[in-house]
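Here is the structure we will look at.
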Amino acid sequence: MKPKVVIGNWKMNKSFDEAEDLISDIEDALDGLNINTLVVLSPPYLYLELTTDHAAEANFECAAQNCSQFKNGAYTGEISANMLADLDVEFCIIGHSERRKYFGETNAILAEKVNRLTEVDMIPVYCCGEVVEERKAGTHFEVVEKQIKEGLFHLSPEAFERVIIAYEPVWAIGTGLTATPQQAEEMHLFIRSLVEKKYGTEIAYNLHIIYGGSCNPSNALELFSQPNVDGGLIGGASLKAEDFVEIVEAAETVGKEN
Ligand code: PGA
């Protein structure tokens with residue numbers, strides 16, 4: 001079975017000192033453990049270098065939370081995929097629902113961001129998920145299908161193989177309302193079957209589809225036990241080392257059972 005993936009999305013939280021403490025606490029807790037799970041910390045841009053410095057010696061990797069859709073040039077305030085790659089940041093979260101909602105990111109913009117990342121051999125963590133009205137109206141599969149087709153399906157098989165997909169129902173993010181393991185499994189299976197139709201069985205099987213939305217130490221084990229849930233994108237619970245490490249342990253436990 002492929003290893004699980006657990007990514008901590010810190011969003012716009014923590015001072016520099018707090019970030020240092022959190023990274024060190026996670027590093028210490030994972031130190032010496034022979035873990036199979038791919039653990040990734042995604043702090044704000046300003047703490048990326050700190051994180052990659054630690055990651056070089058530790059059991060985790062580092063992700064940015066966003067990147068520019070442009071390669072370089074007169075784009076004040078933007079950070080390019082190239083700059084991230086230069087800092088040894090290997091992963092980048094793309095299309096989080098907060099970026100779609102507050103910063104106007106469309107599937108077309110995200111397709112460009114995905115291109116910039118794959119051009120520099122970084123791994124996009126492409127987020128998708130429906131809002132509550134879409135879930136209630138029963139259009140959630142359609143919505144996710146469109147997000148995935150428009151943001152990712154222009155990629156060659158070689159580029160697509162590098163992608164991680166995060167299914168994050170927007171109604172579950174930061175709300176304490178987790179999707180049931182059945183709701184998560186059903187959507188992940190749907191996503192995998194879309195990928196299978198486009199890229200074939202092997203690429204679909206190897207794809208990591210992780211779940212995000214109020215995932216915490218008490219529900220992680222059950223969510224990660226679903227056959228198509230390959231790990232988690234963790235927001236609030238990634239801000240406390242103890243909680244985050246417990247979630248990593250849940251991923252390890254499921255990984256070992258299978
Ligand atoms: P949450 O956030 O775990 O706080 O719900 C998840 C995310 O937004 O990635």
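Structure summary
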read-out: Matching residues in region 74-101 - criterion: being assigned to a helix (DSSP H, G or I), farther than 24 Å from Gln147 by Cβ and open to solvent by 70 Å² or more (accessible area, probe 1.4 Å); value: Asn82, Met83, Asp86
read-out: Residues being open to solvent by 60 Å² or more (accessible area, probe 1.4 Å), in a loop (DSSP other than H, G, I, E, B) and charged (D, E, K, R) - total across region 151-187; value: 2
read-out: Selection count, region 190-211, where residues are within 23 Å of Val39 (Cα to Cα) and either crowded, with 16+ Cβ neighbours inside 10 Å or touching a strand residue (DSSP E or B) at 6+ places or on another chain (Cβ under 9 Å) (or both); value: 9
read-out: Cross-chain or 6+ apart pairs with Cβ under 7 Å, region 23-34 first and farther than 15 Å from Thr51 by Cα, then of a type in the set (Gly, Ala, Ser); value: Ala29/Ala241
read-out: Residue count, region 223-235 (criterion: open to solvent by less than 10 Å² (accessible area, probe 1.4 Å), within 14 Å of the ligand (Cβ to nearest atom) and not in a helix (DSSP H, G or I)); value: 4
read-out: Out of Ser214, Ser238, sole residue that is within 28 Å of Lys14 (Cα to Cα), among the polar types (S, T, N, Q), touching a residue at least 60 places away in the same chain (Cβ under 8 Å) and within 11 Å of the ligand (Cβ to nearest atom); value: Ser238
read-out: Flag if Asp25 is open to solvent by 10 Å² or more (accessible area, probe 1.4 Å), closer than 23 Å to Leu221 by Cβ, more than 16 Å from the ligand (Cβ to nearest atom) and outside any loop (DSSP other than H, G, I, E, B); value: yes
read-out: The listed residue being in contact (Cβ under 8 Å) with a residue 60 or more places away in the chain, within 14 Å of the ligand (Cβ to nearest atom) and under 18 Å from the mean Cα position of the chain (by Cα), out of Glu252, Glu168; value: Glu168
read-out: Matching residues in region 204-236 - criterion: being in contact with a Gly (Cβ under 9 Å, 6 or more places away or on another chain) and of a type in the set (A, V, I, L, M); value: Ile209, Ile210, Ala220, Leu223, Leu233, Ile234
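The values are calculated or read from the model by the stated rules, or taken from the named source; none is laboratory data. Here the structure is a predicted model, which is why all the values come from computation and not from measurement. Every residue, glycine as well, gets a Cβ built from its backbone with ideal geometry; the counts of neighbours run over all protein chains shown. Surface accessibility is based on the protein's heavy atoms, side chains included, excluding ligands, DNA and RNA. Shrake-Rupley method; radii C 1.70, N 1.55, O 1.52, S 1.80 Å.
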